[in-house]
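Please read the structure below before turning to the comments.
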Amino acid sequence: MSLSADTLSYEFDEEEIGFGKPQVAQTAHAQPLSGGLKFSLAMVAVGLLSLIVQTAGGLLAGSWLGLALSLGLLAVGAALAFWLQHRGSVAGIKHDGIYFSGLLARGGAAWIAGIGMTALYVLLYWFPQVLGQPVDGAGPTGLIRVVDPLARVMTGYPAEKWFLYGVLYTGAILVFGVRMMMKYRHDRYQQIRTASVAFFQLIFAWFLPNLLVRFRQPYMEFNGVWPLKQDYLWPEKVAGQFLGAGPFGLFLLGFAIAMVIATPILTYFFGKRWYCSWVCGCGGLAETLGDPFRQLSSKSTSAWKIERWLVHSVLIAVLAVTASLWIDYKMTGNLYGSWAGPLRQWYGFFIGAVFSGVVGVGFYPLLGSRVWCRFGCPQAAILGLVQRFFSRFRITTNGGQCMSCGNCSTYCEMGIDVRAYAEKGENIVRASCVGCGVCAAVCPRGVLKLENGATHADRYHGAERPISALFDALEHSPKLTMPRNE
Ligand code: SF4
Ligand code: SF4
């Protein structure tokens, strides 16, 4: 590349003339499409076309062949495309040109994707008939009919909206899991972690719960925990379903209670990462489908304040609703009377549907991949308190090696300014850190290391007295006022 004499002048101001679009590195993105990649993209196109035809009730709708030629081709074609695309590139950090992409930097394509994903949630929750939800004993139609053969084999029932949702959700984690494994194939932690979330989603959150439906047992996702799955310990589920289902129902109830006890204990040893980034379905989707959007999380101190207020408010809300539902149940309805049902529905609507679904996933392309986990999840709030004050987990930083490039902060999906800690050589001990490890995976200098120490007491100043540290933090908790300069 030749150097212009102008650029050597003291008057030369690169910022003023603009940096322009950077050169694209010679990765697979920059090369012409290979035959294999064209073939896989053709599979995606045929799958999409077939899906549209079948949704309209056309050829092969509701058959196994139709399912294979629509969602099957889409999934296999997309997974193959991701594999071929990344296989042809050098292993290592790949974020070239990310802020010049309309889809990845809140451009027009991001808005279209966000509106499309949000619309899917709105249809699922409030207008399922548009998707072909069966009514009055009739079979499913439209998009839901496409997965009908699979539903009948798995559950013994015709497909309905939540079966379709489970197929799409699990399929997205598996397909984008291939992308994640190939993109971060220089990092063993990312590969094992991605395999783990794919496994837990496929077996614990999809296959086994559908078997429960088939054998007419209470529904339960085995990687879900109260209060994330708020109804698992609500009287309606406990008394109405678990206790009414004999010994197996008791086993399910025991499992639900054991998970509530085990999650903070495991968090003490391993940090909340063991759940949020290895097991949880919400985390699984964020770490796979949401990975392309992780850089969109706000790193401002205002966002950090809002995060702490909001996530702990949701935790208080679920504790209050759960306690009062049980009091109402014990008083045989004398506390709320006919209001107990609406109270459950209120929480399910605002927190379960609007916050975790519509905003939490639908807004991936606009707000980043962990909006729900960061601002809303009550499970994350509990595990965050354990992690921040009591756990052995910390991210250690080798400050002398940090060159302040900011990669770690940019790609932290929880909006943590990792670089600020790295520059000072301080441990990162933050309640919100989900231990995804991407900050370490994208650090060009190997500064960051996710570790479980031998004790919790050496992580931060005052860590040997965690209860005092907790009360101290509560006493000095931030007021919810925005600084003027933001
Ligand atoms: S600090 Fe690192 S490990 Fe923690 S959430 Fe952010 S990127 Fe993931
Ligand atoms: S810790 Fe690594 S990624 Fe973060 S600023 Fe320093 S060198 Fe860059």
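Determine, yes or no, whether Ala262 is free of Cβ contacts under 8 Å to residues at least 40 places away in the same chain, small (Gly, Ala, Ser), outside the structural domain of Tyr411 (by TED's automatic domain parsing) and in contact with a helix residue (DSSP H, G or I) (Cβ under 9 Å, 6 or more places away or on another chain). It would help to see each step written out before you state the result.
Details: free of Cβ contacts under 8 Å to residues at least 40 places away in the same chain: yes; small (Gly, Ala, Ser): yes; outside the structural domain of Tyr411 (by TED's automatic domain parsing): yes; in contact with a helix residue (DSSP H, G or I) (Cβ under 9 Å, 6 or more places away or on another chain): no.
No; evaluated as a whole, the condition is false for this residue.
When we screen Leu212, Leu233 for residues that are in contact (Cβ under 8 Å) with a residue 60 or more places away in the chain and either touching a helix residue (DSSP H, G or I) at 6+ places or on another chain (Cβ under 9 Å) or more than 30 Å from Leu37 (Cβ to Cβ) (or both), the only hit is Leu233.
When segment 384-414 is filtered for residues that are more than 8 Å from ligand 2 (Cβ to nearest atom) and crowded, with 24+ Cβ neighbours inside 10 Å, the ones remaining, listed by number, are Gly384, Gln387, Ser391, Phe393, Arg394, Ile395, Cys412, Glu413, Met414. State whether one or more residues within segment 429-444 are over 23 Å from Val279 (Cα atoms), away from ligand 2 (no atom under 15 Å from the Cβ) and of a type in the set (A, V, I, L, M). The answer is no; no qualifying residue exists.
Tally time: how many residues in segment 429-450 are closer than 13 Å to Gln387 by Cβ and either more than 8 Å from ligand 1 (Cβ to nearest atom) or touching a Pro at 6+ places or on another chain (Cβ under 8 Å) (or both)? Explain how you work it out, then say what you get.
Step one: of segment 429-450, the residues closer than 13 Å to Gln387 by Cβ are 429-435, 450.
Filter once more, so that each one left must be either more than 8 Å from ligand 1 (Cβ to nearest atom) or touching a Pro at 6+ places or on another chain (Cβ under 8 Å) (or both): 429, 431.
The number of residues fulfilling the criteria is 2.
Highlighted here are the helices (runs of 4 or more DSSP H) found entirely within segment 101-167 that include at least 2 residues which are at pLDDT below 95: 108-126.
Go through segment 250-267 and report how many residues are closer than 16 Å to Glu221 by Cα and crowded, with 17+ Cβ neighbours inside 10 Å. Within segment 250-267, residues that are closer than 16 Å to Glu221 by Cα and crowded, with 17+ Cβ neighbours inside 10 Å number 5. Does Leu343 satisfy the criteria of being crowded, with 20+ Cβ neighbours inside 10 Å and away from ligand 1 (no atom under 13 Å from the Cβ)? When the stated conditions are applied, Leu343 does not pass them.
Among the residues of segment 81-124, which ones are hydroxyl-bearing (Ser, Thr, Tyr) and surrounded by 17 or more Cβ atoms within 10 Å (Cβ to Cβ)? Don't jump to the end; show me each part of the working.
The initial filter retains those residues of segment 81-124 that are hydroxyl-bearing (Ser, Thr, Tyr), namely 89, 99, 101, 118, 121.
Hits for segment 81-124 are Ser89, Thr118, Tyr121.
Answer yes or no as to whether Ile173 is part of a helix (DSSP H, G or I), aliphatic (A, V, I, L, M) and more than 26 Å from Phe349 (Cβ to Cβ).
Numbers: part of a helix (DSSP H, G or I): yes; aliphatic (A, V, I, L, M): yes; more than 26 Å from Phe349 (Cβ to Cβ): no.
Criteria not met by Ile173.
Given the condition aliphatic (A, V, I, L, M), more than 15 Å from ligand 2 (Cβ to nearest atom) and within 18 Å of the chain's Cα centre (by Cα), answer yes or no: does some residue in segment 448-457 qualify?
Of segment 448-457, the ones aliphatic (A, V, I, L, M) are 448, 450, 454, 457.
Next, only the ones that are more than 15 Å from ligand 2 (Cβ to nearest atom) stay: 454, 457.
Next cut, within 18 Å of the chain's Cα centre (by Cα) only: none.
Among the residues of segment 448-457, not one is aliphatic (A, V, I, L, M), more than 15 Å from ligand 2 (Cβ to nearest atom) and within 18 Å of the chain's Cα centre (by Cα), which makes the answer no.
Within segment 212-226, the presence of a residue that is modelled with pLDDT of 95 or more, acidic (Asp, Glu) and over 28 Å from Ser324 (Cα atoms) is excluded.
Please go through segment 418-428 and give me each residue that is more than 9 Å from ligand 1 (Cβ to nearest atom) and either within 23 Å of Asp96 (Cβ to Cβ) or in a loop (DSSP other than H, G, I, E, B) (or both), ordered by number. Give the derivation first.
At the first step, the residues of segment 418-428 found to be more than 9 Å from ligand 1 (Cβ to nearest atom) are 419-420, 422-427.
Answer for segment 418-428, where residues must be more than 9 Å from ligand 1 (Cβ to nearest atom) and either within 23 Å of Asp96 (Cβ to Cβ) or in a loop (DSSP other than H, G, I, E, B) (or both): Arg419, Ala422, Gly425, Glu426, Asn427.
Selection of first residues in segment 437-457 that are at negative phi and in a loop (DSSP other than H, G, I, E, B) and of second residues that are among the basic types (Lys, Arg) and more than 8 Å from ligand 1 (Cβ to nearest atom), restricted to Cβ pairs under 8 Å at least 6 apart or on distinct chains, gives the following pairs, ordered by first then second residue: Gly453/Arg392; Gly453/Arg394; Gly453/Arg459; Ala454/Arg392; Thr455/Arg392; His456/Arg392. Using the structure shown, decide if Ala195 is under 25 Å from Ile395 (Cβ atoms), among the small types (Gly, Ala, Ser), assigned by TED's automatic domain parsing to the domain that holds Gly72 and without any contact (Cβ under 8 Å) to a residue 60 or more places away in the chain. So Ala195 passes the test.
Of note, Ser34 does not satisfy the criterion of being modelled with pLDDT of 95 or more and either touching a strand residue (DSSP E or B) at 6+ places or on another chain (Cβ under 6 Å) or not acidic (Asp, Glu) (or both). Restricting segment 327-353 to residues that are farther than 24 Å from Val371 by Cα and among the polar types (S, T, N, Q) leaves a set whose member that is nearest to the chain's Cα centre (by Cα) is Ser338.
The values are calculated or read from the model by the stated rules, or taken from the named source; none is laboratory data. Predicted model, so just to flag it, every value in this text is computed and none were measured. Quick reminder, even Gly has a Cβ in these numbers, built from the backbone with ideal geometry, and neighbours come from all protein chains shown.
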